[in-house]
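Presented below is the structure to which this report refers.
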Amino acid sequence: MSEMHNGAEFGGISVHNFSEKILEQVVHFHVMKLDGGFFLWVGSAAVLSNLAVSMSSKYDSMPLSTLVMGDPSNATASSLSQRLAKRTRKQVFVSYSLPMTDSSLSLLVENRIKKELELHPEYF
């Protein structure tokens, strides 16, 4: 096992966790780097309410995206996984388990993820 800043590595899967208070709410982020992609969970409580996956396609400039589980009327996980797949050129799994009470929350959460991508690209 190799030592990692605020994370751990288990048999080729590295784990990275970080949290931040956004709009008076503590938001937790859990990243598992996989071979060729990563899984990102975003939430305030330990709940897996949805799961989306996106990946690049040679037939379209926008990555393909689908909701594996969860409410299809909430497209937050799918759209976030699609944008992250386009940015990283990797297969991306996203579970977004925050309430949709404030539209600016999701934008601030995505900005925090982008900041972490720039600070620690080795975890994505």
Would you mind telling me which residue in Ala46, Ala85, Ala77 has the biggest mean-square fluctuation in a Gaussian network model of the chain, where springs connect alpha carbons within a distance under 10 angstrom?
Ala46
Could you tell me which trypsin sites (Lys or Arg not before Pro) in the stretch 20-78 are loop residues by DSSP with no more than 16 other beta carbons within 10 angstrom of their beta carbon?
Lys58
Carbon and sulfur atoms account, in whole percent of the 1.4 Å probe accessible area of the stretch 15-123, for 56
Relative contact order for the chain using alpha-carbon pairs under 8 Å, separation at least 6, rounded to a whole percent?
23
Partner lysines for Lys90 [C-alpha distance under 27 Å; skip if fewer than 8 residues away on the same chain]
Lys33, Lys58, Lys114, Lys115
Probe 1.4 Å, heavy atoms of protein chains only: per residue, the accessible area of the stretch 15-123 in Å² is 54
Among the aspartates and glutamates, select those whose C-alpha is under 13 Å from the C-alpha of Lys86, and discard any that sit fewer than 8 residues away in the same chain.
Asp60
Using helices alone, what [θ] at 222 nm do you get for the chain, with -39,500 (n - 2.57) per DSSP H run of 4 or more residues, divided over all residues and rounded to the nearest 500?
-8000 deg cm²/dmol
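The values are calculated or read from the model by the stated rules, or taken from the named source; none is laboratory data. Everything numeric here is computed off the predicted structure, so don't read it as measured data. Glycine gets a Cβ as well: all are built from the backbone with ideal geometry, and neighbour counts include every protein chain shown. Quick note on the areas: whole protein, heavy atoms, side chains included, nothing else; ligands and nucleic acids left out. Shrake-Rupley method; radii C 1.70, N 1.55, O 1.52, S 1.80 Å.
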